[in-house]
Amino acid sequence: MTAKAATTGKPTPPRGILVIGGGVAGIQAALDLGKAGAKVYLVERTPSVGGRMAQLDKTLPTNDCSICILSPLLVEALRHPNIDLLTYAEVTALEGTPGNFKARVLKRSRFVNEHDCIGCGVCARVCPVSVPNEFEAGMGDRGAIYVPMAQATPLIYTIDKENCLNFAGGTYEPVCGKCAEACPKKAIDFEIENEEIELDVASVIVATGFDEMNPRPIRNLSYGDHKDILTGLEFERMLNAAGPTGGRVVKPSDGSAPTSLAIVQCVGSRDERYHSYCSRVCCVYSVKQCIVAKDHQPAIKDFHYFYRDMRAYGRGFEEFYHRGRDETGVNFIKSSPASITTGSNDKLRVRYEDPATARPASVDVDLVVLTCAMIASAGTPELARVLGVDVEKDGYFKLKDPLGDPVASTREGVFLCGCASGPKDIPDSVAQASAAGARALAYVGEDKSPVEEGPLPMNDPEEEPRIGVFVCHCGHNIAGVVDSKAVAEFAARLPGVAYATDNLYTCSDDTQTKIEQIIKRKKLNRVVVAACTPRTHEPLFRETCTKAGLNPYLFDMANIRDQCSWVHSDVPEEATEKSKDLVRMAAFRAMNLKPLQRKRVEIDRSALVLGGGISGIQCAIDIARQGLDVVLIEKEPALGGLLRNLDHLFPSGAAASDLLKAKIEELESLPIAVFKGQEIEAVDGFVGNFEVKLKDRELKTGAIILATGGIAREPKGRLGYDEFDNVITSSDFEKTLGGTEKFNEGEHIVFIQCVGAREEEGYTGCSRYCCQVSLKQALEAVKRGAQATIIHRDIRSFTRFGEDLYRDARNAGVSFIRRKDDEDVDVRGNGRAETLGVFDTTLLSDVELECDTVVLAVPLLPSDTTARLGEMLRIPLGSDGFFLEKHIKLGPLETNTEGIFLCGCAQYPKDIPDSLAQASGVAAKVGALLSKPYVNLEPATAFVRRQLCRACGTCVDICEYHAPELKQDETGEYVEINEALCKGCGTCASHCPTSAIVAKHYTDEQIESMIDILFEK
Amino acid sequence: MADFEPRIVAFACNWCSYAGADLAGVSRLQYPPNIRTIRVMCSGRVSPGHIIRAFEHGADGVFVSGCHINDCHYGFGNRWAEKQIEKTLKLVEMLGIEPDRLKLEWISASEGEKFATSIRTFVERIKELGRSPLQR
């Protein structure tokens, strides 16, 4: 397992972990590792981190602002003491062995002194050069000295040698020098040289992401011939408020507003001439683009969306697709356009086969968006050579064992995550990043030094308030509606306010530094930020306060974006007035805030995994490999969960029993306590200190992992399942395939997809894995002499090798019938199902099929313990009944309760690689949580003012956590609140008849000050 | 009273309703700008004293929102809030304030739409009632 530390005797710098690529996956891996105590070197090729996610306007299905949720992570990585950010750098060599690699990194010169640059941008304004900005997908311009975007992390300008006039001849010859002259910090130096750095690293994580395919070679789609044909990424930048058009949807040819749009899916994807795989995210991101485009440009009347199979497979995606159809009015056309040419009136003509008539048709539109294939990022073959790892024939890095290990490359000690190993959505990338982190961490051994969290700075609560107010523009998001400047001017006049200003992006790295300096310089003892929501950004600003020596509880936020500018965009004046009120309320609350100190509690450095399926097993293994104690609990008498119902596995064809056997052997080789036939009966405690009661024993544990899986839905009352013996489910058919016997010549097996999934009522979502199960089964049946037909609505073979499987099935002779979404198959027979009637949407007629066996692909439901556990642990469930993750994009491994994690099908249906990635990812999170022998408790709890307490016991009755306890001493009875148990809800405080209880940080005084000031004349 | 713009204090719990209000924003759902929201960790934190104080100082309406029953982040804080509001309604009536001026709604983190609609409806109702009797 862990590599032995070098025993040379003399102190050497700790071996770190090299993370290559600073997109969301690389950042996530770096943060997990940094928190677990490892030294991380994050190497990013471009001048700033953030990757593709930073380019996106919104994330789906919540339409949450992409940079808003990403930016706090970027800043956290930049500030993390264990993470070295090496931007504008590339890895040039990797030598040595796993556990003891030597990596060489070339840090290219920016010709700007990184420590001196303040990111003011004066240099860029005087630069005479203008080249297309890569970050804007070539749509906007930048100078030869530039930052890719306003929120660049780090915010340091870079001179691009390729385009700078001073390097026209290849070497430096002073020609221009305008930027150097303009720089107020004299940070520009054309003679700074490249730097070679050598790093001792134990392991490597590759997170190099993807590029968008240039669709120019697909000549019939005319990209490059017409300005009004954009790629998906170009359109995304156009939709972005910070993008080249400020978020306005326009025709690039003349700047006018389009009234009609065509979206073309699978451009270069699922196409053997270009890239045969499915790019996995395009179907839904285009729906999002339609919804956002309509919002930004209500003039758009028609959205013609051309697709092949609608692959809306993630949580909430199916519902999102319906929202696009029903609310935005997107016209979904199942057809691939044959050509795009110039039509009448400067419009573009899209020719296609109309699926409703099976005849040629055409439509004229103003703008066309081509959703192009996601391809391996440029430089992948070179980096593969440097790292000594293999690439797949499709260009992505090769996984050694795509089924059994979703992160291992072909070289030991080198791990892959995110889109480096194939197209992926954000939550899958993030989960995989954590998984790669868990594996990489095992090579570091004892070379870990978790960041100690010392006591918070404390200020004198009685000091005269000196409040600083920072009002955010959030680019156009706030300032487009609210007059941020006027709000800042208003704030400056409020009593107690010593300083007030407005910022373009208050969350950006440079503004954090600025706030820190201002707090010190202006001796501020309270800070108010008027920006977005405290739910996402309060931690960042609090950290900035702490860094400036200000207690973080002397901070408050006014939400003038999510709850003001965004919801009152039609009444800007009122929105500005409301913002002023919100700022005033926050400032008055701030005056009454008190500094709080966090409390350190010892923790139990062990984890308890609930569920012994493949996810639970993997998770327990990866936690144990970090040297932590693990207990695994399975309610059945045997381990294996859902995997026990499977025969052979796609894509390797390996036997499920072999995979399971190998994992169980690995589990048993490690010091992991396994309890079978046991369930949790009660849970008490809190993060780091859970007490779990089983039938016959009690356990203490620091973390709980929900890996409780799911159960296949029984298709009762559907499609003859109750009536006919030869109508069975996929799991039943899997057992039939368990043997090796051949089918009778010509025996017809018909698969029916989505039986009880993607429905209007009940189970509205997609169950994610069923299409591939049926494809695999149909292919196998055909190989063994049967005929097979799959009746489906869309074939959703979106996974890494899913499209190959679909193609193999078609080539092997499996037939496909696409039925209508709202019409069931008619199963008829007498004792046995004999014929099926269905409307074939390709032939546009009813067809009758004779069948010997009907296999129903049923969705996965939450396991029967989910609801009970949810209640016991207070973990909320989604509308689908599965456990709800902390954040749909960036928090797929955590729950809302600190110390409780989730993985595998407990979250929603998943295939084996995705479940394994999540399981290993959770192990990284657990490793970070348990890296120190203590956790710091939230200090905003309640306490009892003893002199006022009459020991009535009201609070004792109310509290669900048993925090208040009745006590007695020589002076009499009283109540005391156990801080470790108190969650800070404050319900006891509002019920105390003598107001003896104070809810810290939400005191009566603080709440009332907001009310009072609001109505002050 | 055609141009009467009511002034409303809203309380929202951090975990559900405040997140629902954020979602209304993220989804760009428009509602009238008459509310000023105070974030509390749980609807159970809102005391009769806070509500009465808001009315006394000039609020035309008070809107309290929390997680749906059984969804409370803290177990049953919202059930306690429900009881508090029932109690407070009696106080409100004793002060001669119409009970419709105090509204309790359960709004989850995924109900941006419900947040926007509830505010719209509440503002309309307060407009019908006119200025608070304590302010006339």
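No lab work stands behind these numbers, since they all come straight from the coordinates. This one's a predicted model, so the numbers in the text were calculated from it and none came from an experiment. Because the Cβ atoms are built from the backbone with ideal geometry, glycine has one as well, and the counts that use them run over all protein chains shown.
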Quick one: 3J(HN,Hα) in Hz for region A:1003-1017, Karplus 6.51/-1.76/1.60 with θ = phi - 60°, rounded, Gly and Pro as x. 6, 4, 4, 5, 5, 5, 5, 5, 5, 4, 5, 4, 9, 5, 6
Linear extension gain, residue A:345 paired with residue A:197, 0.36 nm per residue minus alpha-carbon span: 47.4 nm
Placing +1 on the Cβ of each Lys and Arg and -1 on the Cβ of each Asp and Glu in the protein assembly as shown, which of A:513, A:381, A:990 has its Cα farthest towards the positive end of the resulting dipole? A:513
May I ask you to sort A:352, B:18 by Cβ crowding, counting other Cβ atoms within 10 Å and putting the fewest first? A:352, B:18
Share antiparallel - DSSP beta bridges, the protein assembly as shown, percent rounded to 5: 45
Assuming R0 = 51 Å, what is the FRET efficiency of residue B:100 and residue A:839, from their Cβ-Cβ distance, to the nearest 0.05? 0.45
Taking A:1002, A:499 and counting other C-beta atoms within 10 Å, the order from fewest to most: A:499, A:1002
To the nearest 0.05, what FRET efficiency results for residue B:113 and residue A:731 with a Förster distance of 41 Å applied to their C-beta separation? 0.60
Given R₀ = 45 Å, what would the calculated FRET efficiency be for residue B:71 paired with residue A:666, taking r from the Cβ atoms and rounding to 0.05? 0.70
Of all GluC sites (Glu not before Pro) in region A:140-209, which ones are in loop regions per DSSP and have a Cβ with at most 13 other Cβ atoms within 10 Å? A:162, A:191, A:193
The answer for trypsin sites (Lys or Arg not before Pro) in region A:453-558 that fall in a DSSP coil and have at most 13 neighbouring Cβ atoms within 10 Å is A:493, A:522, A:523
Among all the aspartates and glutamates, which ones have a C-alpha under 13 Å from residue A:695's C-alpha, if same-chain residues fewer than 8 places away are not counted? A:634, A:679, A:681
Tell me, what ³J(HN,Hα) does each residue in region A:296-308 have, in order and in whole Hz, if you take phi through Karplus 6.51 cos²θ - 1.76 cosθ + 1.60 with θ = phi - 60° and put x for Gly and Pro? 7, 9, x, 5, 6, 8, 10, 10, 9, 10, 8, 9, 10
By the gyration tensor of its Cα atoms, with a ≥ b ≥ c the square roots of the eigenvalues, what is the shape of region A:727-858: rounded for a/c under 1.5, prolate for a/b over b/c, or oblate? rounded
Per-residue ³J(HN,Hα) for region A:223-238, Karplus 6.51 cos²θ - 1.76 cosθ + 1.60, θ = phi - 60°, Hz, x for Gly and Pro: 4, x, 8, 10, 5, 8, 10, 10, 8, x, 5, 4, 5, 4, 5, 5
Please give the length that would be gained between residue A:682 and residue A:357 if that part of the chain were fully extended, namely 0.36 nm times their separation in residues minus their C-alpha to C-alpha distance (nm, one decimal). 110.9 nm
Using a simple charge model, +1 on the beta-carbon of Lys and Arg, -1 on the beta-carbon of Asp and Glu, nothing else, what dipole does region A:941-999 show about its Cα centre, in debye to the nearest 20? 220
Which one, A:687, A:831, A:782, is farthest towards the positive end of the dipole of chain A when Lys and Arg carry +1 and Asp and Glu -1 on their Cβ? A:687
Sort A:537, B:57, A:476 so that the residue with the fewest other Cβ atoms within 10 Å of its own Cβ comes first and the one with the most comes last. A:476, B:57, A:537
Taking the Cα centre of region B:8-129 as origin, work out the dipole magnitude from +1 charges on Lys and Arg Cβ and -1 charges on Asp and Glu Cβ, in debye rounded to 20. 240
What does the C-alpha gyration tensor say about the overall shape of region A:723-798? Classify as rounded when a/c is under 1.5, otherwise prolate if a/b is larger than b/c, or oblate. prolate
Positive minus negative residues near residue A:203 (Lys, Arg vs Asp, Glu; Cβ under 10 Å): +1
Extension gain (nm, one decimal) between residue A:597 and residue A:822, 0.36 nm per residue minus Cα-Cα: 75.1 nm
Find the Cα radius of gyration of chain A, compare it with 2.2 N^0.38 Å by division, and give the number to two decimals. 0.98
Hey, if you put +1 on the Cβ of every Lys and Arg and -1 on every Asp and Glu Cβ in the protein assembly as shown, which of A:69, A:754, A:149 ends up farthest toward the positive end of that dipole? A:149
Suppose every K and R has +1 on its Cβ and every D and E has -1 on its Cβ; what is the size of the dipole of the protein assembly as shown about the Cα centre, in Debye to the nearest 20? 1900
How much mean residue ellipticity at 222 nm does chain A get from its helices, if each DSSP H run of length 4 or more adds -39500 (n - 2.57) and you divide by all residues, to the nearest 500 deg cm²/dmol? -7500 deg cm²/dmol
State whether region B:54-136 is rounded, prolate or oblate according to the following rule on the C-alpha gyration tensor (a ≥ b ≥ c being the square roots of its eigenvalues): a/c under 1.5 gives rounded; otherwise a/b larger than b/c gives prolate, and the remaining case gives oblate. oblate
